[in-house]
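Structure first, then comments.
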Amino acid sequence: MATSTILSNPVVTVNSVDMSDQCTSAVFHVNYNQLTATAFGDTDNKYVKGLGDHSVDLEFYMSFAASETWATLKSLVGTTTTVIVQPSSGAASATNPKLTLTGTFLAELPVNFALGELSTATVTFTGGVYSEATS
Amino acid sequence: MAKIISPRLGTPGDDFDEEAALKAGINVQALIDGGFISTSKAAKSAKTNSEQEETR
């Protein structure tokens, strides 16, 4: 039977700072380069796992107040940090895994200013070491 | 030892372990720049530079 998960209280931590109450979307990409391993005699393509090339996309409401989005992200541009995403608050478990990207790079901080809308920032952290904690 | 300022990071006033944070890939300088932690050290007592009068 299919199950659905309604996220109500996921946890998003950027550089140890809990940004959950400013975050509206988190997409964690666990990706490995696909290396061709096809050889003579094969009739179908074969692939093996290459280097990990992970990333995480985060959407935030932009706030320039102290300890908010701008203060958290502005000094991370051009540097590396650690990002953690968890489906729900509480201890990490098999049903509440803590996805971590350590040493991930933030290349840019685009801020969206639109008339009559809340300002937002969509950032992408790329690279780094991926790990999943279930305890 | 750094102190936590922002509740987004922990309990304000608690110590922040910079070495452990660095090992975990945390950008400590960004936390300082963003005002999340303070590394201000305790002020040293003022130096006294009074010249002792020679007693004859």
**Fill in**
Scanning the stretch A:57-77 residue by residue, the ones that are free of Cβ contacts under 8 Å to residues at least 60 places away in the same chain and either at the interface with chain B (Cβ under 7 Å from one of its Cβ atoms) or not hydroxyl-bearing (Ser, Thr, Tyr) (or both) total 13
**Prompt:** Is there a residue in the stretch A:78-89 that is within 11 Å of another protein chain (Cβ to nearest Cβ), under 18 Å from B:Arg8 (Cα atoms) and among the aliphatic types (A, V, I, L, M)?
**Reply:** yes
**Complete:** Given the conditions (1) surrounded by fewer than 16 Cβ atoms within 10 Å (Cβ to Cβ); (2) assigned to a loop (DSSP other than H, G, I, E, B); (3) among the hydrophobic types (A, V, I, L, M, F, W, C), every one holds for A:Val48 apart from (2)
**Message:** If I filter the stretch A:63-79 for residues that are of a type outside the set (A, V, I, L, M) and closer than 29 Å to A:Asn33 by Cβ, do I get at least one hit?
**Reply:** yes
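Tell me the residue from A:Ser16, A:Ser20, A:Ser25 that is under 20 Å from A:Gln86 (Cα atoms), among the polar types (S, T, N, Q) and exposed (fewer than 15 other Cβ atoms within 10 Å of the Cβ), please.
Details: A:Ser16 fails: exposed (fewer than 15 other Cβ atoms within 10 Å of the Cβ); A:Ser20 fails: exposed (fewer than 15 other Cβ atoms within 10 Å of the Cβ).
Going through A:Ser16, A:Ser20, A:Ser25 in turn, just one is under 20 Å from A:Gln86 (Cα atoms), among the polar types (S, T, N, Q) and exposed (fewer than 15 other Cβ atoms within 10 Å of the Cβ): A:Ser25.
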**Item:** Residues of the stretch A:78-109 that turn out to be over 16 Å from the mean Cα position of the chain (by Cα) and either part of a strand (DSSP E or B) or closer than 14 Å to A:Leu58 by Cα (or both), as a count
**Value:** 1
**Tabulated pairs, the stretch B:1-23, first within 15 Å of A:Thr81 (Cβ to Cβ) and within 11 Å of chain A (Cβ to nearest Cβ), second acidic (Asp, Glu) and surrounded by fewer than 16 Cβ atoms within 10 Å (Cβ to Cβ), C-beta under 7 angstrom, 6+ apart or interchain** = none
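Here, each number is a calculation from the coordinates, and none is a lab measurement. These numbers were taken from a predicted model, which means no experiment stands behind them. FYI the Cβ positions are ideal-geometry reconstructions off the backbone, even for glycines, and counts take in every protein chain you see.
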